[in-house]
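Some notes on the structure that comes next.
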Amino acid sequence: LSELGIQDATKVANEIALIGHSGSYKKVLPPSVIVSSPIARTRQTAAIIADKLNLAVETHDDIAEIAFGDWDGHTTQEVAATWPELYDKWRGDVRVAPPGGGESLEDFDSRVQSGISEILDKHEGKTIVVVSHVMPIRGFIKKALEASWVSYWRSSVAPCSISIIRFWGDEAAEITVINQTNHL
C-alpha cells in the first residue's frame, strides 16, 4: 500500500471498529472474523483492520480479484484501444476471457460464488469483515440480490469503502450499505 493507502486502511479500520457499538452500525453484531483476498494490498489492509479489532486474518483464494491477464495494469480506455474487437466481445459475452490468462466473467463468478458460500457456511451467524476487491464485492451484491450478470456493472465500489450485507443462509439477504466512504 502507498502512504495514502495506509491512511485509508486506518480510517476504514476505525470505522469498522464502530460496528456493533454505535450509530447506524449498532444493530449489527461486532465483527468476529476477518477474511481477506490473498493479494498483497488486501492482506495489508486486512492486517490494519485486524490490529484495530484484535482479530486474526484468514485468506481465501476465491475472493481474489478477477484475472484480467494481459489487460492488467491498463485502463479501460487503453484496453478498448489496444484490443478493440476482443474488448467488445468480452463486454457482450460472459464466456469471453481477456488474453494472457484472464478469466471470463462466467469463470470468475463461479469461483467467487463458491468462495462466498464457503465463507458464509464456515462463519454462519457471525459478522465477517471481508477485505477484497471491486469485482468480488460486486459478487456478494449479486448473490444478495439474486441478480444476473449485469449486476457486476451496476454498483460502484471504491477502495476502503464499506458495504454491509446480511445473509440468512440461502433464503434471504439484506443490503444495508453499499460503497460507504464517509470515513475517508
Revision key, fill the gap. Those residues of region 80-96 that are without any contact (Cβ under 8 Å) to a residue 40 or more places away in the chain and closer than 19 Å to Phe108 by Cα come to a total of 10
Check your understanding: With respect to Ser110, is the statement that it is among the polar types (S, T, N, Q) and either part of a strand (DSSP E or B) or touching a Pro at 6+ places or on another chain (Cβ under 7 Å) (or both) true?
Key -> no
Check your understanding: Which of the residues belonging to region 81-106 are surrounded by fewer than 16 Cβ atoms within 10 Å (Cβ to Cβ) and either within 21 Å of the chain's Cα centre (by Cα) or assigned to a loop (DSSP other than H, G, I, E, B) (or both)?
Key -> Arg91, Asp93, Arg95, Pro99, Gly100, Gly101, Glu106
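Out of region 32-43, which residues are under 13 Å from Val129 (Cα atoms) and open to solvent by 20 Å² or more (accessible area, probe 1.4 Å)?
Residues satisfying the conditions are Ser32, Arg43.
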**Study point:** Residue among Val35, Val57 that alone is touching a His at 6+ places or on another chain (Cβ under 6 Å) and modelled with pLDDT of 95 or more
**Key:** Val35
Check your understanding: In this structure, is Ser148 more than 20 Å from Trp71 (Cα to Cα) and within 15 Å of the chain's Cα centre (by Cα)?
Key -> no
Review point. Before we move on, is Ala64 under 19 Å from the mean Cα position of the chain (by Cα), under 20 Å from Gln180 (Cα atoms) and either open to solvent by 50 Å² or more (accessible area, probe 1.4 Å) or at pLDDT 95 or above (or both)?
Key: no
Review point. Given Thr176, Thr127, Thr181, which one is hydroxyl-bearing (Ser, Thr, Tyr), touching a residue at least 60 places away in the same chain (Cβ under 8 Å) and over 21 Å from Pro38 (Cα atoms)?
Key: Thr176
Review point. Which one is surrounded by the fewest Cβ atoms within 10 Å (Cβ to Cβ) among residues in region 44-56 that are in contact (Cβ under 8 Å) with a residue 24 or more places away in the chain and under 18 Å from the mean Cα position of the chain (by Cα)?
Key: Gln44
Review point. Which of the residues spanning region 164-184 are assigned to a loop (DSSP other than H, G, I, E, B) and either of a type in the set (Val, Ile, Thr) or modelled with pLDDT under 90 (or both)?
Key: Gly169, Asp170, Glu171, Thr181
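The values are calculated or read from the model by the stated rules, or taken from the named source; none is laboratory data. Because the structure is predicted, anything quoted here is derived from the model rather than measured. A quick note on method: Cβ atoms are made from the backbone with ideal geometry, for glycine too, and the neighbour counts reach across all protein chains shown. Ligands, DNA and RNA are stripped out before the accessible areas are found, and what is left, the full protein with its side chains, is counted by its heavy atoms. Shrake-Rupley method; radii C 1.70, N 1.55, O 1.52, S 1.80 Å.
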